[in-house]
Amino acid sequence: MSKLLAHKLHNRKQRKSRIRSVVSGTATRPRLSVYISNTHVSAQLIDDTSHRTLAYVTSVGQKAVKGTMSEKATWVGQEIAARAKAAKIKAVVFDRNGKLYHGRIAALAEAARNAGLEF
């Protein structure tokens, strides 16, 4: 691993730790955790008090989801909002996982907001 890559990963891990020290999900307001890889997008609603995942959506293996990563992120945002509604969850706490609120993360968040989630 190159020094530059190690440095970037270390900085992201520090940002993630800072965010997670403040952001915590409950049963009434779970944490919406977002993970974006090179090819796929995942989001889950987590209750940190009972350590349970309440809803989970991923673009892995979804034939209906094609296009750019921003389009995949938008689809995941809409689906996680629909599953949250099914679980009677209206408000969440957004956990961007150390990433900047820009591009794919912002697309997912806006799609979830437009579908009815509050955060």
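Bear in mind these aren't lab numbers, they're just calculated from the coordinates by the rules spelled out. All values derive from a computational prediction rather than experimental measurement. Ideal geometry is used to build each Cβ from the backbone, glycine not excepted, and the neighbour counts take in all protein chains shown.
Observations, loosely collected:
- Cα-based reach from residue 85 at 12 Å (exclusive), listing aspartates and glutamates while leaving out same-chain residues under 8 positions away: 118
- Here the Gaussian network model covers the chain, with springs between Cα atoms less than 10 Å apart; of 81, 107, 73, 107 fluctuates the most.
- The chain shape via C-alpha gyration tensor axes, a/c threshold 1.5: oblate
- Between the alpha-carbon centres of the range 25-56 and the range 57-84 there is a gap of 14 Å.
- Among the trypsin sites (Lys or Arg not before Pro) found in the range 11-108, those both in a DSSP coil and sparsely packed, with 10 or fewer other Cβ atoms within 10 Å of their Cβ, are 63, 66, 88.
- Candidates 32, 54, 100, ranked by Gaussian network fluctuation over the chain, Cα under 10 Å, top entry: 100
- Out-of-range pairs (alpha-carbon distance over 30 Å; input 8/88; 3/66; 16/72; 63/90): 8/88; 3/66
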